[in-house]
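First the structure, in the form of structure tokens, and then the observations on it.
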Amino acid sequence: MSELHRPISRRSALALAATAATGLATGTAWAQSFPSKTVTLVVPYTAGGSADIGARMVAPELSKLLGQPVVVDNVAGASGAIGVQKVLRSAPDGYTLLCGGLSETMLIPMTNPALNYKSEDLVPLAFSGSSPVALVVRPDFPANTVDEFVEYARKNPGKLSFGSAGVGSFGHVMTEVIKDRANLFMVHIPYRGGANILSDVIGGQIDMAVTALVSANSMVQAKRVKLLGVSSRERVPGFKDVQTLAESRSLKGLDMQVWSMLFAPVGTPEPVVAKLSAALNTALVLPSMKEARAKIGADLPQVMNPAQAKAFLAGQQSMYRAVLSRIKPE
């Protein structure tokens with residue numbers, strides 16, 4: 001009989017049960033004393049983007065609930081992968097968390113296996129919200145609607161450029177979907193973060209970008225970029241005069257959102273995960289947070305426990321797999 005199938009003795013069974021009970025008690029005690037020091041929220045992009053804005057909104061509320069300082073650490077590079085890798089290298093003790101989005105936690109590792117991580121390496125703590133994606137162009141672009149943009153791009157194949165936060169990022173994938181739907185040829189310019197993309201749209205170094213409306217909101221309001229369309233199913237309250245991509249003739253029915261979650265590394269004790277999840281879900285739906293999010297066009301997040309968040313992520317993976325199969329690392 002192999003060792004794998006040899007029945008264990010009653011004494012061994014009791015010893016294993018005692019060890020498990022001790023481990024559970026230790027984990028529960030750890031959770032009760034957690035946190036005892038500063039908690040770091042790693043944002044895998046430069047300051048000013050949607051992930052950074054969201055992290056800085058939730059950090060002070062989370063700090064009040066946990067009774068410890070909560071700081072934001074911007075770790076940009078490799079389309080967000082460097083920030084994710086930093087979190088995965090950290091001790092799985094609940095003190096280093098990731099403010100992650102669709103791009104760097106799912107799309108990019110699915111596109112580039114050489115990064116040596118996958119979304120399953122992260123434990124989802126809370127769904128922190130979603131935002132429509134905005135199609136923005138430089139202020140002097142000769143189009144004022146989605147259909148006018150598509151018509152112009154078709155007449156000028158290869159002459160227009162678009163920026164994204166990197167190969168496999170949401171902005172890249174979304175623009176590839178638009179290109180496929182409308183039969184367009186545009187040049188992709190990958191960047192290190194969302195803030196620089198919009199600066200170059202303003203300056204005319206690139207022609208357009210698909211980015212979270214949260215990121216573009218202030219520049220749209222100041223008329224520094226031109227907003228042609230949003231990717232939500234219905235028009236955004238603050239931009240009722242801007243059509244959705246789904247309303248246009250060229251991209252009829254297109255509905256995609258960019259989302260964000262807070263994660264811990266795999267191996268974080270379950271009692272700590274539960275405590276962080278409860279605190280985050282409380283912070284994210286506070287009236288002050290709801291008001292702040294409404295001002296920038298972000299949707300109020302759904303309350304999701306870790307199990308519900310895992311199910312959501314599985315559904316997202318299934319939806320994007322077909323599109324990503326056509327995108328290769330550059």
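The values are calculated or read from the model by the stated rules, or taken from the named source; none is laboratory data. For clarity, every value in this text was computed on a predicted model and none was experimentally measured. Cβ coordinates were reconstructed from backbone atoms using ideal geometry, including for glycine residues, and neighbour counts include every protein chain displayed. Ligands, DNA and RNA are excluded from the accessible area calculation, which covers all protein heavy atoms including side chains. Shrake-Rupley method; radii C 1.70, N 1.55, O 1.52, S 1.80 Å.
Net charge near Lys226: determine it from the other residues with C-beta under 15 Å of the C-beta of Lys226, scoring Lys and Arg +1 and Asp and Glu -1. Net charge in that neighbourhood comes out at -3. Straight-line reach from Lys64: taking Cα to Cα under 22 Å and skipping same-chain neighbours fewer than 8 places apart, the lysines in range are Lys37, Lys275, Lys290.
At the residue level, His172 shows approximately 0 square angstrom of accessible surface with a 1.4 angstrom probe and all protein chains present.
Distance between the C-alpha centres of segment 201-263 and segment 46-113: 23 Å, rounded to the whole angstrom. In percent, rounded to a whole number, the relative contact order of segment 46-154 is 16, using alpha-carbon pairs under 8 Å and six or more apart. Normalising by residue count, the chain has a Cα convex hull of 145 Å³ per residue. The alpha carbon convex hull volume per residue for segment 204-330 rounds to 167 Å³.
Each part gets one Cα centre, and for segment 310-327 versus segment 117-161 those centres are 18 Å apart. Length, then width, then depth: along the principal axes, the Cα atoms of segment 109-242 run 45, 34, 27 Å. Remark: accessible surface ordering of Lys179, Lys64 (largest first) is Lys64, Lys179, probe radius 1.4 Å.
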